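Student: Provided herewith is a single structure, encoded as structure tokens, for subsequent inquiry.
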Amino acid sequence: MSLILTFLGATSTHRIKIAVTAAKLLSGQGKRVLLAGNVEPTMSMLLNFPVGCDPQEIAINLHVVHLQASVLLERSWNDIKQLESEYLKTPLLKEIYGQELAVLPGMDSALALNAIRQYDESGNYDVIIYCGYGDSRTIRMFGMPDSISWYWRRFHQLFVNSDIGKILIEAPIIQTLISNLFNFNWMDNNFVHPIDQTISFLEKGKEAVADPKRVVAFLVSTPEILELAACRYLWGSSQQVNLTVGGLILVTSGNVDAKNMIPGEFSPLAVSVFPDTSTSDWQILMDSLPDFEAQALEAPKPIEINVCERKVSLFLPGFEKKQIKLTQHGPEVTVEAGDQRRNISLPSSLIGRSVTGAKFQHNYLIISF
């Protein structure tokens with residue numbers, strides 16, 4: 001399993017520069033590194049190498065790849081057509097070719113996440129550095145496994161309990177029709193295999209994002225007050241998808257005391273100073289980077305559940321009390337902060353209990369049951 005590392009912040013050139021530096025640092029330590037970025041010239045220019053759509057080794061232990069959405073869509077479409085041919089007696093998609101598909105908004109993030117999953121499962125890399133948009137789109141991307149699994153849980157149960165769902169499940173004529181259309185035996189439940197596989201992918205994704213040993217983000221900012229405010233918002237939004245933020249990397253010129261330049265609102269994050277200099281001496285830049293894995297383990301956890309006290313604590317920096325909404329519908333609790341909404345899966349001992357109180361203090365939303 002790989003450590004998946006990404007960077008969040010307003011200025012893309014700084015984030016990409018730090019990602020490239022981190023790739024050089026970690027590969028120099030003997031780790032097998034894959035640097036994966038969006039299709040834009042900055043990464044290729046910094047590496048002085050034409051990055052392609054397949055991993056290429058440019059130095060010992062260092063591979064690079066562009067996650068080009070159109071190429072990823074074409075490859076995923078071929079996989080879908082293959083899956084369709086296995087389960088459908090008369091495939092419908094064979095006349096539609098991946099080369100003609102246009103990338104719709106949001107597809108690029110889903111395709112990038114799937115590509116990262118595949119590279120992670122390959123076992124070829126110890127570290128995957130994802131150099132994406134670095135904003136709310138990246139945060140939503142890492143939140144996809146949790147969001148999609150929630151949609152499946154809620155709507156699947158709703159469908160099963162509905163009249164039409166009962167008819168489709170129980171009616172012999174429907175079962176016969178499905179058996180004639182698909183390459184599986186309805187009574188043997190062979191049709192559940194692709195569904196179970198998808199659910200397994202989602203659960204593994206949720207577990208990985210929640211584990212700071214597996215997925216971690218670092219904030220990148222200059223001392224400029226607007227960039228710092230944007231970073232703090234991204235920090236809080238990351239907590240909403242259970243993504244650990246390991247620290248803040250401050251990009252600045254000259255020798256500065258980072259603690260005096262950063263407002264207390266970023267406590268208890270560790271702050272590192274990254275020099276805003278040319279890339280003529282990569283060693284200086286590498287020496288300025290933090291220990292990513294160690295800081296990730298020391299960072300505040302996005303959520304903590306105390307079963308004995310029947311309390312759930314959510315760490316939500318960057319938000320004020322009036323920006324947070326709490327609702328309870330069905331078996332889960334929904335927390336809305338900023339533009340992120342999170343449905344919290346409760347342990348069995350708390351399922352069915354109503355919320356008895358909630359308070360927001362010291363950046364924590366504490367929910368009592």
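The values are calculated or read from the model by the stated rules, or taken from the named source; none is laboratory data. None of the values given here were measured: they were computed from a predicted structure. When we count neighbours, we look across all protein chains shown, and the Cβ atoms used for this are built from the backbone with ideal geometry, even at glycine. Only protein heavy atoms, including side chains, enter the accessible area calculation; ligands, DNA and RNA are left aside. Shrake-Rupley method; radii C 1.70, N 1.55, O 1.52, S 1.80 Å.
Student: Within region 85-101, track down each residue that is in a helix (DSSP H, G or I) and either surrounded by fewer than 15 Cβ atoms within 10 Å (Cβ to Cβ) or at pLDDT 85 or above (or both).
Tutor: Our first condition is that a residue be in a helix (DSSP H, G or I); within region 85-101, this holds for 85-87, 98-100.
Hits for region 85-101 are SER85, GLU86, GLN99, GLU100.
Student: Consider only pairs whose beta carbons are under 9 Å apart and that are at least six residues apart or on different chains; among these, list those whose first residue lies in region 49-72 and is among the aromatic types (Phe, Trp, Tyr) and whose second residue is at pLDDT 95 or above.
Tutor: Within 9 Å, the pairs are PHE49/GLN56; PHE49/ILE58; PHE49/VAL64.
Student: Return yes when LEU34 is within 28 Å of TRP235 (Cα to Cα) and touching a residue at least 40 places away in the same chain (Cβ under 8 Å) and no when it is not.
Tutor: Values: within 28 Å of TRP235 (Cα to Cα): yes; touching a residue at least 40 places away in the same chain (Cβ under 8 Å): yes.
Yes.
Student: For region 50-69, state whether one or more residues are open to solvent by less than 50 Å² (accessible area, probe 1.4 Å), assigned to a helix (DSSP H, G or I) and more than 23 Å from SER122 (Cα to Cα).
Tutor: No, that holds for no residue.
Student: On to the next question. Mind listing whichever residues of region 118-130 are open to solvent by 10 Å² or more (accessible area, probe 1.4 Å) and touching a helix residue (DSSP H, G or I) at 6+ places or on another chain (Cβ under 7 Å)? Step through it out loud before you land on a result.
Tutor: Going residue by residue through region 118-130, those that are open to solvent by 10 Å² or more (accessible area, probe 1.4 Å) are 118-126.
The one that is open to solvent by 10 Å² or more (accessible area, probe 1.4 Å) and touching a helix residue (DSSP H, G or I) at 6+ places or on another chain (Cβ under 7 Å): TYR125.
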